[in-house]
């Protein structure tokens, strides 16, 4: 495939290198002459030292025969224009834009950018994974096995509240072994009645999660 | 009319002053407060510091539903993005983006955005003065392409409203009268 990468920052540089390694044809556009020369010294004469936002240079870089244009500069407005020019002026079948401000995602999509990569959104998503509201929290993986240490926080809607732990139908190979109540850890007994705000610690294989969620968090939460 | 101007440079400040003294409600947005020094002392409009490509900033400044929205910063791409935000998200009525790269200006005119290109304006003025045939477009370019003004294609072209919204529409005709010269050698 012929990929045109615009923007020779860290992302564009490593992207270009990886693409070359996997056997694709790549041209990189970087408007800063010194930076362009530096990259060209290392990876060869596939660097065009011009502004990829300018239609003239996009054309010279071969945009009209590119399969993919990836706009990965640090500026959202530049990435938008690169993709729009590629799409509408050069009929590039697939455009990819790096988006820094997550709020721009809708606009970009609406204006015809095919794929968006938002580092901000990804990091945000990763952080939010650690503070789930209605999810099981993965505490740790257990060695080489498929087993995981999982924590479930019992919110008001949990079907487990008011039931004794012995009544819960645990998925196969999955065991509850402790309850944390008011900051105090207690070993689990089968006659223990679960309360709101309890934290239940379980060990089980990854694939038992859906059932575990149903039992401890509730059906509605399994949607997310 | 409600007039929003992004970029308070030489052009932006002059246009802002003109709208203001004609009795319109003007909001000027610029990243730098020193740019507002260009506005006259008697300017009655709002001067808002902020990034004109940020939807939140534009909304907060009161740009929603503007009758006229002019993107006149020194950055072609910032103007393009700002203008498209104005059309797509803020439902501004008549939107013009300054795009100094003639090729980009023509491409966006084809996409349904009214554009003004200083490169074309100046080169035409110079060529005209020394009595040479002018080239390029004539300045403010209303959406020119086959796509402009139609109803059925806007999804594909990516410019939704503006072109067809309201009686004024996004620059169905140029704001300034076009010069009489024919468009020779239009495709750059």
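The values are calculated or read from the model by the stated rules, or taken from the named source; none is laboratory data. Note that the coordinates shown come from a computational prediction; the quantities given were computed from them, not determined experimentally. Every residue, glycine as well, gets a Cβ built from its backbone with ideal geometry; the counts of neighbours run over all protein chains shown.
Worth pointing out:
- Per-region count, the stretch B:88-112, residues more than 10 Å from chain A (Cβ to nearest Cβ) and either surrounded by 24 or more Cβ atoms within 10 Å (Cβ to Cβ) or more than 20 Å from residue B:26 (Cβ to Cβ) (or both): 8
- Annotation: residue A:66 fulfils all but one of (1) farther than 26 Å from residue B:58 by Cβ; (2) surrounded by fewer than 15 Cβ atoms within 10 Å (Cβ to Cβ); the unmet one is (2).
- Residue match in the stretch B:66-89 (condition: at pLDDT below 95 and assigned to a strand (DSSP E or B)): no
- Any hit, the stretch B:7-30, residues being within 14 Å of another protein chain (Cβ to nearest Cβ), surrounded by 20 or more Cβ atoms within 10 Å (Cβ to Cβ) and within 23 Å of residue A:84 (Cβ to Cβ): yes
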